[in-house]
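Below you'll find the structure, written out as structure tokens, and then a few comments.
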Amino acid sequence: MDATGSRDLKLWFADGTNYPGQDDIAARQDRLAEALHAVYQRLGEHQRMLLEYKLFEPSFYTTDVPDWGTSLLHCQALGDRALVVVDTGRHASGTNIEFIVAVPLRAGRLGGFDFNSRSYADDDLMVGAADPFQLFRIMHEVVRADVLAPAAGIAFMLDQCHNIEPKIPAQIRSVLNVQEAAAKALLVDADALAQAQQAGDVLGAHAVLMDAYDTDVRPLLAELRQEQDLPADPVAAYLASGYGELISSLRVGGSPAGRGA
């Protein structure tokens, strides 16, 4: 970090146990806390530690940092520059991720996102692919907390594994999905929503969110890109560029750099 000027040290620990009695759960937390403290003390004044969590994998009985609460407790014990990372694909089915986003935001402890999507477990699909409405709800909490701008310090990252789809177009599509969700979140009538909530108007409050979500923001985003001298349709522009075919031809006979996924 010192050599590269990196601001964030992002940590995820693939540590845990497979069987009851295999190890002392509390002692493992003590050792983790001690190790995190040693690393945190090494950080420079303008460096941060971001602690990620994962429900399971590769261990199946316990994971040392399995959820946002465990991450938050360790971060709070370390200091103000230890923050939680929310990976949108690493939760149990049915988990209310926007609630998880809202709580660390309220505590000033949300450091970043790993954006992806899941259908079953940690699928690492394109963000918004499985549930675009969920992505909108997450971005609504981000907009509500006024932390969308870079100055807020939230690190927005794509963390995805493209197995069957071309990787670069998939990444572009993911960026577009996040942009569309953010644009819709910015369209939420905050005053109307607050009035409906305070009046106990359940359907009215829900309608305010749905009005924003149902808005087609794609023409607006295309116009914005053109104003910035960018392609209105980034996917089409990439496909027309021939870059994919070029790099494929240049890499014939090479060795894959990934982990085989």
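Expressed as a rounded percentage, what relative contact order does the chain have, with Cα pairs under 8 Å and six or more residues apart?
Once normalised by length, the contact order is 12 percent.
In percent, what relative contact order does region 140-220 have, based on Cα pairs under 8 Å that are 6 or more apart in sequence?
So the answer I get is 28 percent.
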Determine the relative contact order of region 191-261: mean sequence separation of Cα pairs under 8 Å and six or more apart, normalised by residue count, in whole percent.
-> 14 percent
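How would you classify region 116-246 from its alpha-carbon gyration tensor, with a ≥ b ≥ c the square roots of the eigenvalues: rounded for a/c under 1.5, else prolate if a/b is greater than b/c, otherwise oblate?
prolate
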Virtual spin-label span in nm between Ser93 and Ala222, 7 Å along Cα→Cβ = 3.8 nm
Jot down the per residue volume, in cubic angstrom and as a whole number, of the convex hull over the alpha-carbon atoms of the chain.
-> 182 Å³
Asserting the computed 222 nm helical MRE of the chain (DSSP H runs at least 4 long, -39500 (n - 2.57) per run, divided by residue count, to nearest 500) equals -14000 deg cm²/dmol
Which value, in Å² and to the nearest 10, is the accessible area of Leu203 when all protein chains are kept and the probe is 1.4 Å?
-> 140 Å²
Can you give me the span-like helices of the chain, meaning DSSP H runs with 20 Å or more of Cα extent along the axis and Kyte-Doolittle mean at or above -0.5?
-> 25-42, 167-186
Enter the accessible area of Val178 (Å², nearest 10), with the probe set to 1.4 Å and all protein chains included.
-> 30 Å²
Label-reachable residues, region 163-198, where backbone N falls under 20 Å from a point 7 Å from Met210's Cα toward its Cβ = 181, 184-198
By the gyration tensor of its Cα atoms, with a ≥ b ≥ c the square roots of the eigenvalues, what is the shape of region 9-66: rounded for a/c under 1.5, prolate for a/b over b/c, or oblate?
-> oblate
Which shape class, rounded, prolate or oblate, goes with region 1-124 when its Cα gyration tensor gives a ≥ b ≥ c as root eigenvalues, a/c under 1.5 marks rounded, and past that a/b bigger than b/c marks prolate?
-> oblate
Per-residue accessible area, 1.4 Å probe, largest first, puts Arg106, Arg118 in the order Arg106, Arg118
Ranked highest first by the average count of other Cβ atoms within 10 Å around their residues, in what order do 137-149, 153-165 fall?
-> 137-149, 153-165
Residue separation between Ala199 and Asp233 times 0.36 nm, minus their alpha-carbon distance, gives in nm 8.0 nm
Starting from the Cα of Glu245, step 7 Å along the direction of its Cβ; do the same at Thr4; then give the gap between the two resulting points in nm.
-> 3.4 nm
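The values are calculated or read from the model by the stated rules, or taken from the named source; none is laboratory data. The model shown is predicted, which means the values in this text are computed figures rather than measured ones. No Cβ is skipped: glycine too gets one built from the backbone with ideal geometry, and neighbour counts run over all protein chains shown. When the accessible area is computed, the model is the full protein with side chains, heavy atoms only, and any ligands, DNA or RNA have been set aside. Shrake-Rupley method; radii C 1.70, N 1.55, O 1.52, S 1.80 Å.
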